[in-house]
Every structure is written in structure tokens, then in C-alpha cells.
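Below: the structure, in C-alpha cells.
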Amino acid sequence: MKLGPEFRGMGQYMALGIQMVVVTGVITAIGWWLDKKTGRAPMFLIVFFVLGSLGGIAAVWRMLNEPRGPKS
């Protein structure tokens, strides 16, 4: 199946979106787990959600701003 030029790079951007959601979700889950272990809900959940969100945004920012090689 041949895809047109409008679909080139679509996989890369889909992977970025998935990466942002997964990073935020995993870090938030760690915060939730720490809340359950320490009984300090929702302190760790909130802190780790913010950290996970910033991590997801940083990953997208890094990917979009990395220099690309010469086009062939």
C-alpha cells in the first residue's frame, strides 16, 4: 500500500503523542503508588503528575527541535 506525501512522517508524530501520554501516565502511577505507601494522598500524585507532564512535553520539544540531516 502506497501512501501519499501527506502521510509521510505521520508515524513519527503518532509515536510522539503516545510517548507523551505514556510518560505522563507512568510517572503519575508512581506518584499514586507512593501516596498509597505513605498515606499522604494526593501530594505525590499531584507532584508526579506535574513532573510527568513536563517530561512528556520535554520529550516532544526535544524531538521537534533536533537537527535533521541533509535531505537526499
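List, please: which pairs have Cβ atoms under 6 Å, are six or more places apart or on different chains, and start with a residue in the stretch 42-68 that is touching a residue at least 24 places away in the same chain (Cβ under 8 Å) and end with one that is polar (S, T, N, Q)?
These pairs meet every condition: PHE49/THR28; GLY52/THR24; GLY52/THR28; SER53/THR24; GLY56/THR24; ALA59/GLN19.
Checking the conditions here, which among ALA59, ALA29, ALA15 is within 17 Å of the chain's Cα centre (by Cα), at pLDDT 90 or above and of a type in the set (A, V, I, L, M)? Step through it out loud before you land on a result.
Values: ALA59 fails: at pLDDT 90 or above; ALA15 fails: at pLDDT 90 or above.
Only one candidate qualifies: ALA29.
So which residues in the stretch 20-72 are in a loop (DSSP other than H, G, I, E, B) and within 24 Å of GLY9 (Cα to Cα)?
Correct list: GLU66, PRO67, ARG68, GLY69, PRO70, LYS71, SER72.
The values are calculated or read from the model by the stated rules, or taken from the named source; none is laboratory data. What you are looking at is a predicted structure, and each value in this text was computed from that prediction instead of being measured. Because the Cβ atoms are built from the backbone with ideal geometry, glycine has one as well, and the counts that use them run over all protein chains shown.
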